[in-house]
Amino acid sequence: MSKEMLDAFRILEEDKGIKKEDIIDAVKESLRSAYRRRYGQADSALIDFDEKKGDFHVYTVREVVDEVFDSRLEISLKDALAISSAYELGDKIKFEEAPVEFGRVAAQSAKQTIMEKMRKQTRTITYNTYKEHENEIMSGTVERFDNRFIYVNLGSIEAQLSKQDQIPGEIFASHDRIEVFVYKVEDNPRGVNVFVSRSHPEMIKRLMEQEIPEVYDGTVEIMSVAREAGDRTKVAVRSHNPNVDAIGTIVGRGGANIKKITSKFHPAKYDAKSDRMIPVEENIDVIEWVADPAEFIYNAIAPAEVDQVIFNAEDSKRALVVVPDNKLSLAIGRRGQNVRLAAHLTGYRIDIKSASEFEAMEAANELGGFGEVAEEVVYEDDANLTYTDQAMEEMAAAALATDLEESEVTELD
């Protein structure tokens with residue numbers, strides 16, 4: 001039995017990753033539980049494991065007394081002296097019990113305890129393994145489908161790819177190899193759940209880190225990503241090396257780097273003319289991130305031109321963007337997509353108004369918090385501007401020194 005026991009411990013440790021010490025503790029716990037069931041208490045039970053022989057030994061400890069009230073806990077002086085003449089009242093004597101006496105109850109208890117220990121240990125190992133990959137991209141195989149999820153086998157667990165985390169129009173078959181972004185790992189009583197996505201904005205960032213060396217080494221940093229998966233994405237980037245163009249690096253020669261990213265996705269849409277699904281490409285707009293929020297918003301609204309960016313005096317994360325009348329639809333985008341992505345990218349609530357709308361609202365005094373202008377940035381072609389105070393002059397000089405295409409001035413009330 002001893003060799004079989006040690007072999008079983010070794011197999012469990014190698015195959016299940018469960019430490020031998022944990023298994024031994026589980027067996028001890030099960031034997032103590034069985035003793036409690038058999039004798040109604042376990043305080044006097046001692047469980048030892050012989051590391052060399054691989055045997056468990058169960059002992060009970062009884063105190064030497066004059067009169068025995070509980071034979072499970074006590075032994076008479078007369079009986080103790082029969083064992084050894086050295087025993088005295090108050091001594092503790094250890095008696096070995098044969099585990100086989102516990103019979104089926106002990107075996108069943110041991111099995112249940114060990115299985116529970118194995119389940120908990122396996123769950124902990126699985127959780128820790130995948131928790132390390134949270135916010136990373138992993139490769140997996142499509143296993144099965146139901147009404148809620150596509151189940152992706154990541155190796156030792158099936159991850160859940162929900163409908164909202166899928167790219168519209170992207171279709172997979174069983175055994176397809178796909179890449180997914182692990183965005184949440186949960187440990188609960190029923191087991192470990194790994195939630196993955198292909199539509200998450202951070203997946204774009206991780207793919208760029210994989211495919212573009214300058215992003216991986218930190219020369220070019222991706223500051224924020226706004227995405228409507230399968231259709232359009234905006235990425236804000238900055239360079240930490242004055243000799244490296246952030247936008248050019250991300251796009252790559254002839255758009256090679258962007259094509260590497262978009263090739264990872266395979267959305268399709270129905271074409272009524274051909275009566276079939278046709279592949280589409282997710283467009284990725286790359287813009288320059290700047291610390292100045294007005295200029296950042298100006299960049300984010302591209303490809304539309306911007307006349308003014310005005311920040312709300314009552315809500316510091318709200319901005320009014322004024323665009324030429326003929327650029328309003330471009331600034332808003334199809335179904336509001338352009339301004340929506342710009343808002344997500346910059347972290348500002350953005351209101352878009354045409355120049356004529358803005359003038360009408362201003363004349364009617366209907367600008368609300370925008371009427372009490374906290375900061376208004378005007379973009380003009382004329383670089384010969386005048387400023388009302390020294391601070392504005394210094395800001396303009398700094399802008400001109402960096403060869404900005406547009407100049408900007410803050411007008412104070």
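The values are calculated or read from the model by the stated rules, or taken from the named source; none is laboratory data. In this text the structure is predicted, and so the values were computed from the model without any measurement. Note: ideal-geometry Cβ built from the backbone for every residue, glycine included; neighbour counts use all protein chains shown. We work out accessible area using only protein heavy atoms, side chains counted, and drop any ligands, DNA or RNA first. Shrake-Rupley method; radii C 1.70, N 1.55, O 1.52, S 1.80 Å.
Quick rundown of the values:
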item: Among the candidates K260, K184, K163, residue that is open to solvent by 40 Å² or more (accessible area, probe 1.4 Å) and over 23 Å from the mean Cα position of the chain (by Cα); result: K260
item: Test: I178 is free of Cβ contacts under 8 Å to residues at least 40 places away in the same chain and in contact with a Leu (Cβ under 7 Å, 6 or more places away or on another chain); result: no
item: Qualifying residue in the range 184-203 (condition: modelled with pLDDT under 95, among the small types (G, A, S) and assigned by the TED database to the domain that holds I150); result: yes
item: Residue that is surrounded by the most Cβ atoms within 10 Å (Cβ to Cβ) [pool: residues in the range 189-221 that are of a type in the set (K, R) and assigned to a loop (DSSP other than H, G, I, E, B)]; result: R198
item: Criterion violated by S316 - all others in (1) within 22 Å of E366 (Cα to Cα); (2) in a strand (DSSP E or B) satisfied; result: (2)
item: Residue match in the range 318-340 (condition: outside the structural domain of R227 (by the TED database), within 23 Å of M208 (Cα to Cα) and in contact with a Gly (Cβ under 9 Å, 6 or more places away or on another chain)); result: yes
item: Residues (out of contact with any Phe, Trp or Tyr (no Cβ under 9 Å at 6 or more places or on another chain), within 14 Å of T60 (Cβ to Cβ) and modelled with pLDDT of 80 or more) located in the range 84-127; result: K92
item: Breaking point among (1) surrounded by fewer than 17 Cβ atoms within 10 Å (Cβ to Cβ); (2) assigned to a loop (DSSP other than H, G, I, E, B), for E359; result: (2)
item: Contacts under 6 angstrom Cβ, first residue in the range 54-69 being in a loop (DSSP other than H, G, I, E, B), partner open to solvent by 20 Å² or more (accessible area, probe 1.4 Å), 6 or more apart; result: G54/S2; G54/M5; G54/L6; V68/E74; V68/S76
item: Per-region count, the range 272-290, residues open to solvent by 80 Å² or more (accessible area, probe 1.4 Å), in a loop (DSSP other than H, G, I, E, B) and touching a helix residue (DSSP H, G or I) at 6+ places or on another chain (Cβ under 8 Å); result: 1
item: Breaking point among (1) assigned to a loop (DSSP other than H, G, I, E, B); (2) under 16 Å from A236 (Cβ atoms); (3) touching a residue at least 24 places away in the same chain (Cβ under 8 Å), for A302; result: (3)
item: Matching residues in the range 65-74 - criterion: being at pLDDT below 90 and under 20 Å from A45 (Cα atoms); result: V68, F69, D70, S71, R72, L73, E74
item: Lone qualifier among G169, G140, G155 - being open to solvent by 40 Å² or more (accessible area, probe 1.4 Å), out of contact with any His (no Cβ under 6 Å at 6 or more places or on another chain) and not β-branched (V, I, T); result: G155
item: Residue that is acidic (D, E) and in a loop (DSSP other than H, G, I, E, B), where the choices are E170, E179, E186; result: E170
item: So I23, is it surrounded by 13 or more Cβ atoms within 10 Å (Cβ to Cβ) and either modelled with pLDDT of 75 or more or in a helix (DSSP H, G or I) (or both); result: yes
item: Residue among A229, A246, A268 that alone is surrounded by 12 or more Cβ atoms within 10 Å (Cβ to Cβ) and touching a Gly at 6+ places or on another chain (Cβ under 6 Å); result: A268
item: Selection status of K353, of a type in the set (K, R) and crowded, with 21+ Cβ neighbours inside 10 Å; result: yes
item: Complete set of residues in the range 48-67 that are touching a helix residue (DSSP H, G or I) at 6+ places or on another chain (Cβ under 9 Å) and β-branched (V, I, T); result: V58, T60, V64, V65
